[in-house]
1. When you scan region 106-127, how many residues do you find that are more than 11 Å from the ligand (Cβ to nearest atom) and either without any contact (Cβ under 8 Å) to a residue 60 or more places away in the chain or basic (Lys, Arg) (or both)?
2. Within region 2-41, can you find the residues that are within 8 Å of the ligand (Cβ to nearest atom), of a type in the set (S, T, N, Q) and under 16 Å from the mean Cα position of the chain (by Cα)?
3. If I ask for residues that are over 17 Å from residue 157 (Cβ atoms) and not charged (D, E, K, R), which ones from region 169-198 would you list?
4. Could you list all residues from region 68-87 that are in a helix (DSSP H, G or I) and either within 10 Å of the ligand (Cβ to nearest atom) or not hydrophobic (A, V, I, L, M, F, W, C) (or both)?
5. When the residues of region 102-120 are filtered to those that are in a strand (DSSP E or B) and of a type in the set (A, V, I, L, M, F, W, C), which remaining residue is surrounded by the fewest Cβ atoms within 10 Å (Cβ to Cβ)?
6. If you take the residues in region 151-168 that are part of a loop (DSSP other than H, G, I, E, B) and within 17 Å of the chain's Cα centre (by Cα), which one is modelled with the lowest pLDDT?
7. Among the residues of region 169-178, is there at least one that is at pLDDT 95 or above, farther than 16 Å from residue 43 by Cβ, touching a Leu at 6+ places or on another chain (Cβ under 7 Å) and away from the ligand (no atom under 16 Å from the Cβ)?
8. Could you say which residue among 130, 99, 91 is part of a loop (DSSP other than H, G, I, E, B) and either on the phi < 0 side of the Ramachandran plot or more than 13 Å from the ligand (Cβ to nearest atom) (or both)?
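The values are calculated or read from the model by the stated rules, or taken from the named source; none is laboratory data. Quick caveat, the model's predicted, so the values are computed rather than measured. FYI the Cβ positions are ideal-geometry reconstructions off the backbone, even for glycines, and counts take in every protein chain you see.
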Amino acid sequence: MNDANDLKWDSKLNISTNVFDYMEEDYQNYGYDPTPYVVLEELVKLDLIKKEDTVVDYGCGKGRVSFFLNSQVGCKVMGIDHSERLLEMAKKNLEKYGKTDDITFIHSKAEEYVPGEANCFYLYNPFSTKIFRHVLKRIGESKENNPREILIFFYYSTIEYKTYLPTEPRIELIKTVTFGEETINDRVPAKLSVYRYK
Ligand SMILES: C[S@@+](CC[C@H](N)C(=O)[O-])C[C@H]1O[C@@H](n2cnc3c(N)ncnc32)[C@H](O)[C@@H]1O
């Protein structure tokens with residue numbers, strides 16, 4: 001979906017993130033599709049991510065979330081993706097956006113990545129909930145080693161996450177924004193949900 005707002009923001013940030021890419025998708029690891037900018041605008045309006053925060057985008061693809069949050073909030077962002085090919089595109093975007101030490105792209109499977117200082121985690125339908133359980137375990141271990149307040153942001157429309165998230169005892173829901181057809185130009189409504197790691 002390339003609506004005018006998505007094209008406008010890509011052009012403003014001097015990056016190319018609009019075209020989806022499912023070449024490396026399998027039944028556990030989903031393909032690339034960027035979060036609509038209108039959703040990222042709402043995410044920033046929630047005012048839960050602050051300049052001094054470090055955000056991890058699990059499954060960053062071409063890096064849209066990193067560039068948007070860094071430009072609008074001023075926070076640090078780490079984009080993690082298992083696809084070397086997509087990360088190359090993210091790195092080209094970083095050259096065009098203007099190199100900064102506040103954006104880092106890392107080639108790793110999310111389930112193998114050990115979060116260090118990060119306190120905010122963003123996911124837009126990157127992988128199955130089975131993989132997410134491993135990711136959550138790593139977040140939990142990281143919180144034990146370095147106690148801090150942790151927020152996890154999910155943008156999703158799938159039944160899989162809709163049914164799983166409310167049953168996951170390690171996290172608690174603190175905020176939800178629902179996006180209807182008219183906003184995201186999609187037949188299936190989607191939610192941006194914010195959870196706190198307990
Ligand atoms: C739906 S896209 C989301 C892109 C970006 N986060 C955004 O919101 O604009 C999902 C991304 O997750 C990546 N991905 C899938 N499985 C992964 C895994 N196990 N570890 C890391 N990245 C993964 C895909 O390559 C793809 O780029």
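1. Going through region 106-127 one residue at a time, the tally reaches 3.
2. Passing the criteria: 17, 29, 35.
3. Those that are over 17 Å from residue 157 (Cβ atoms) and not charged (D, E, K, R): 169, 171, 174, 197.
4. 68, 70, 71, 72, 84, 85, 86, 87
5. Taking the candidates together, the pick is 106.
6. Filtering first and then ranking leaves 157.
7. Among the residues of region 169-178, at least one is at pLDDT 95 or above, farther than 16 Å from residue 43 by Cβ, touching a Leu at 6+ places or on another chain (Cβ under 7 Å) and away from the ligand (no atom under 16 Å from the Cβ), which makes the answer yes.
8. 99
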